[in-house]
Amino acid sequence: MNYIDYLVIVSYIIGFLFLGRLFKDNKDSKDYFLGGKSFGWFPLSLSTIATQLSAISFISAPAFVGLKEGGGMMWLTYEFAVPLAMLFLMVFLIPPMYKAGIVSVYAYLEKRFSTSTRVLLSAVFQISRAFATSVMVYTVALILTSVMDFPMWQTILIIGVVTLIYSYQGGMKAVVYGDMIQMIILFLGIIICLVAGVYYIGGWDTFIANIDRPRLEAVNFTSMGLEKGDEFGFWPMLIGGFFLYTSYYGTDQSQVQRLFSAQDMGTVKKTLLFNGLLRFPITMVYCIMGLVIGTLALTKADFLSAIPSDKPDLMIPIFIRDYLPHGVIGILMVAIFSAAMSSLSSAINSLSAATVEDFFNRDKDLPNDKYMAYSKYAALFWGVVCIILAFFTGDIAKTVIEAINKVGSVFYGPILATFIAAIALKRVNAIGANIGLLSGVVVNIYLWLFVPEVFWFWWNAVGAVVTLVVGLLASTVFGKNQADKEAHTLAKAWDIDRTKAIILIVFFVLIVLLSVIIPDIF
């Protein structure tokens, strides 16, 4: 890197500090946490996708596809369940919660069940999201430090402090519009790497001639994820993925808060539709990028030798450092910064929203000035916590990333089932819901500790089913309670837009078929 690259990075940082100042005038909670409910589907869609198109997508996924042992285009199977999950959210889960006019998604559970259910799930979200975010910041800083002249502590502070300042000042508006900018920069970075990779390998025909053919196999219909090392099968990725994505997009505060910020329910549906349609093409592009650069590494001994054998994730950063011109290197470093900052800004805003709404303003009795003060204090607190935790993540980061994914799958299914029960199952009461939730989590922990041959994607489905069954049985045993008076029926929640439903179902079929024929295309 030289002064041109540093100039690009500094300009980017100054721009985002200005973004926070631009949206600093937030009058109340709806302004700070929901952007005044002023967002259309386009900025919300780009913001939602930006948090998913993370540094892991830009760095680790291409390395998995193109270089890591046992990797390949099977990464695409992560996306199969997304269109179906968006459809379920659109017609069932999100409409009643959006109409409830809440800021924290966990407030819905208090209306239906009890305060304990709300506080428990909110606390689990806050602890897990802060920890996962700190690991992400550390991991990105570690990768950037490997290819830049910045020491680790400076990289963490740049990512953390800049993101904290503009999130603290601008609230949800700064987060959403910042995500839009970061999404564009990151996708531009992917395209630059893809085109440059094809150029340096000697053209598309040379790439096709040298590609590692087994890496093109994307879909495995025989693997059921019930044996050790047996992963990425069609059915576990589809069924487990459906429960995972439905829970993540529909019950995780960091994601649902965006949907609550939409102008109206029509905007929510368009946002979900756009997310369901755009994720796969973006994933396909960065997977192809990974194939191209991985093939380049396997055909260029000097490039391959520069990548540590125990750190294949450095493939993309080293390619950027060694093959791209100055100025472009700065843009690509900014793209990696963008990915980290997008995830961190979303975490800070959603963590502060959950803290204030679920612990300080459950009774809606805080005066507006105190509410805004608490909101900014909470944003500052969680930003500092994530930055400090990033310093202490240390060398355990590689194992922790996998552990975080597993921890998420322990809880996602049971949490989703609790929300489904709140909306659709009038017979389930507060005691039954809590017992069911606990049972689902315990069963998943048992699978993790004592049945390691079961692929962790299955936990999302197993936990959900156990939670619903036990919740219904426990509710029958312990009878009804007062919270049941606000139960919503399935008829009230069911809200089908046939055109959007058909589009998502057809798209699901198309992406599966496309993934099956990838070896023939290449």
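Just so you know, all these numbers are worked out from the coordinates, no wet-lab data involved. Here the structure is a predicted model, which means the values were calculated and not measured. Here the Cβ is made from the backbone with ideal geometry for all residues, glycine too, and neighbour counts use every protein chain on show.
So the values come out like this:
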item: Over the range 309-462, relative contact order from alpha-carbon pairs under 8 Å, at least 6 apart, %; result: 18 percent
item: Test item: Cα-centred dipole of the range 333-375, Lys/Arg +1 and Asp/Glu -1 on Cβ, debye; result: 120 debye
item: Global form of the range 41-175, assessed from the alpha-carbon gyration tensor, a/c cut-off 1.5; result: oblate
item: Rounded, prolate or oblate (a/c below 1.5 giving rounded, otherwise prolate when a/b exceeds b/c) for the range 183-266 by Cα gyration tensor; result: oblate
item: Value of relative contact order over the range 87-158, rounded to a whole percent, pairs C-alpha under 8 Å and six or more apart; result: 14 percent
item: Residue among 114, 88, 381 farthest towards the positive dipole end of the chain, charges placed on Cβ; result: 114
item: Sum of -39500 (n - 2.57) over DSSP H runs of 4+, divided by residues of the chain (222 nm, nearest 500); result: -24000 deg cm²/dmol
item: Positive-pole candidate from 131, 476, 70, dipole of the chain, charges at beta carbon; result: 476
item: Contact order normalised by residue count of the chain, Cα under 8 Å, 6+ apart, percent; result: 30 percent
item: Sites residue 301 and residue 230 - FRET efficiency at Förster radius 25 Å, r taken between beta-carbons, to 0.05; result: 0.15
item: Label zone at residue 438, where the point sits 7 Å out along the Cα-to-Cβ direction: the range 459-479 residues whose backbone N lies under 18 Å; result: 463-464, 466-479
item: Neighbour-count ranking [beta-carbon atoms within 10 angstrom, fewest first] of 448, 456; result: 448, 456
item: R0 of 35 Å, Cβ-Cβ distance residue 154-residue 359: FRET efficiency to nearest 0.05; result: 0.55
item: Neighbour-count order for 152, 183, fewest beta carbons within 10 angstrom listed first; result: 152, 183
item: Cross-link pairs 270/426; 24/376; 99/269; 111/376; 68/406 - those with Cα-Cα distance over 22 Å; result: 270/426; 111/376
item: Signed unit charges on C-beta, dipole axis of the range 169-261, positive-most listed residue 192, 210, 242; result: 192
item: Size of charge dipole - the chain - debye, nearest 20, with Cβ of Lys, Arg +1 and Asp, Glu -1, no other charges; result: 1520 debye
item: Mean shadow area of the chain over all directions, Cα convex hull, nm²; result: 22.8 nm²
item: Estimated FRET transfer efficiency (residue 191, residue 453; beta-carbon r; R0 45 Å; 0.05); result: 0.65
item: Length gained when the stretch residue 384-residue 37 is fully extended (0.36 nm per residue, less Cα-Cα span); result: 122.2 nm
item: Sorted by Cβ density within 10 Å, fewest first, the residues 363, 369; result: 363, 369
item: Length added when fully stretched, residue 477-residue 69, from 0.36 nm per residue minus Cα-Cα; result: 141.7 nm
